[in-house]
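Bear in mind that the values in this text are calculations on the coordinates, not laboratory data. Just so it is clear, the structure is predicted and the values come from calculations on it, not from any experiment. Ideal geometry is used to build each Cβ from the backbone, glycine not excepted, and the neighbour counts take in all protein chains shown.
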Amino acid sequence: MPFKKIDISSFELNPFKRIGEEWFLLSAGKENDFNTMTAAWGGMGVMWNRNVFTAVIRPSRHTFKFMEENNKFSACFFGNSNRDDLKYCGSHSGRNEDKISHTSLNPVFIDGVPAFEEAKTIFICKKIYRGEIDENSFIDNSLFEYYKSDTFHVVFIGEILEILEKE
Ligand SMILES: Cc1cc2nc3c(=O)[nH]c(=O)nc-3n(C[C@H](O)[C@H](O)[C@H](O)COP(=O)(O)O)c2cc1C
């Protein structure tokens, strides 16, 4: 596989640009049954003395079921490439179609976790926390704007097991 493992202590990236502007594919499942979706919200940092990656998913997403049912997930970053593929995976549901077949993406499995050959950076994570965004905990009520037509997100915090970069 054309990826090399990165030592996290020498890993550098701008999370605001990578997550918020370039987006990522969040994937979970098994070789014969997995799903992926585009995400642009989340974070990376340190929690409980562990290096973590946080994703937030609305239960209405088909990917949600796979995040619930599997212990690990991946976050794949593509830089500025595969933009149309990310748009497609962010606007079509795997509940209705094999959406990967409509993209130029090729799945790869890293220790059984779904990811994509075309990714430039891959985070492989193990879930360590799951929690629901609580309506009563908002301090800035203008954020309810994001929940007029869909449910509150569920937060998944994953311990980063490895970071891989394209060789
Ligand atoms: C740029 C972009 C960012 C998105 N970010 C998120 C996100 O962080 N969380 C989420 O629940 N949905 C997010 N979505 C929506 C899902 O990607 C979209 O609903 C997708 O079709 C779900 O696919 P699925 O039903 O196969 O899981 C985003 C969509 C786009 C286009």
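Here Lys72 is the anchor, and the aspartates and glutamates within straight C-alpha reach of less than 19 Å, apart from those fewer than 8 places off in the same chain, are Glu31, Asp33, Asp111, Glu117, Glu132, Glu159, Glu162, Glu165. How charged is the neighbourhood of Leu13? Take every other residue with its Cβ under 11 Å from the Cβ of Leu13, and add Lys/Arg as +1 and Asp/Glu as -1. Combined, the nearby Lys, Arg, Asp and Glu give 0.
Going by C-beta contacts inside 10 Å, put Leu25, Leu161, Leu86, Leu13 in order with the fewest on the left.
Numbers: Leu25 28, Leu161 16, Leu86 23, Leu13 12.
Fewest to most other Cβ atoms nearby, the residues stand as Leu13, Leu161, Leu86, Leu25.
For the stretch 3-166, what does the relative contact order come out to in percent, with C-alpha contacts under 8 Å and a separation of six or more? Could the numbers behind the result be given before it?
Numbers: 321 pairs, mean separation 48.4, N = 164.
For the stretch 3-166, the relative contact order is 30 percent.
Scaling against 2.2 N^0.38 Å puts the C-alpha radius of gyration of the chain at 1.00.
The ranking of Thr38, Thr151, Thr121 by Cβ neighbour count inside 10 Å, starting from the fewest, reads Thr151, Thr38, Thr121. For the stretch 14-167, a simple Cβ point-charge model (Lys and Arg +1, Asp and Glu -1, everything else neutral) yields a dipole of about 100 debye relative to the Cα centre.
Relative contact order (percent) for the stretch 85-167, with alpha-carbon contacts under 8 angstrom and 6 or more residues of separation?
Numbers: 87 pairs, mean separation 24.5, N = 83.
Relative contact order for the stretch 85-167 comes out at 30 percent.
Fewest first, what order do Val108, Val155, Val46 take by the number of other Cβ atoms within 10 Å?
Val46, Val155, Val108
Residue-wise HN-Hα couplings along the stretch 152-167, as the Karplus relation 6.51 cos²θ - 1.76 cosθ + 1.60 with θ = phi - 60° gives them from phi, are 5, 6, 9, 9, 10, 9, x, 6, 6, 8, 7, 10, 10, 10, 4, 6 Hz; Gly and Pro carry x. With Cα atoms defining each centre, the stretch 94-118 and the stretch 10-26 are spaced 20 Å apart in the structure. Couplings for the stretch 48-58, taken from phi via the Karplus curve 6.51 cos²θ - 1.76 cosθ + 1.60 with θ = phi - 60°, read 6, 6, 10, 7, 10, 10, 10, 10, 10, 9, 7 Hz in order; Gly and Pro are left as x. Computed from backbone phi, the HN-Hα couplings of the stretch 61-73 come to 6, 5, 4, 4, 4, 6, 5, 5, 8, 10, 7, 10, 8 Hz, rounded to whole numbers (Karplus: 6.51 cos²θ - 1.76 cosθ + 1.60, θ = phi - 60°; Gly and Pro given as x).
Filter the cross-link list Lys5/Lys87; Lys5/Lys127; Lys30/Lys65; Lys30/Lys127 down to pairs whose alpha-carbon distance in this structure exceeds 24 Å. Spell out each step's value before the answer.
Working: Lys5/Lys87 28 Å; Lys5/Lys127 20 Å; Lys30/Lys65 12 Å; Lys30/Lys127 15 Å.
Where the Cα-Cα span goes over 24 Å, the pairs concerned are Lys5/Lys87.
Put simply, the amide H of Leu161, placed in the peptide plane, has neighbours under 5 Å in Ile124, Cys125, Lys126, leaving out anything fewer than 5 places away on its chain.
Using a Gaussian network model of the chain in which every pair of alpha carbons under 10 angstrom is joined by a spring, one finds that among His153, His102, His62 the greatest mean-square fluctuation is at His102.
With a cut-off of at most 10 other beta carbons within 10 Å, and DSSP calling the residue loop, which GluC sites (Glu not before Pro) in the stretch 32-128 qualify? Please list them. All intermediate terms of the calculation are to be shown ahead of the outcome.
On the way: sites: Glu68, Glu69, Glu97, Glu117, Glu118; in loops: Glu97, Glu117, Glu118.
Hits after loop and neighbour filter: Glu97.
If you take all other residues with their beta carbon under 10 Å from the beta carbon of Glu118, and give Lys and Arg +1 and Asp and Glu -1, the sum is 0.
May I ask for the net charge around Asn106, where only other residues with Cβ less than 11 Å from the Cβ of Asn106 are counted and Lys, Arg are +1 while Asp, Glu are -1?
On the way: positive: none; negative: Asp85, Glu117, Glu118.
Overall, the nearby charge balance is -3.
The amide H of Lys120, built 1.01 Å from its N in the peptide plane, has Phe77, Phe78, Gly79 as neighbours under 5 Å, considering only residues 5 or more places off or on other chains.
Between Rg and the Kirkwood Rh of the stretch 85-167, both from Cα atoms, what is the Rg to Rh ratio? All intermediate terms of the calculation are to be shown ahead of the outcome.
Details: Rg = 16.6 Å, Rh = 15.8 Å.
The Rg/Rh ratio comes out at 1.05.
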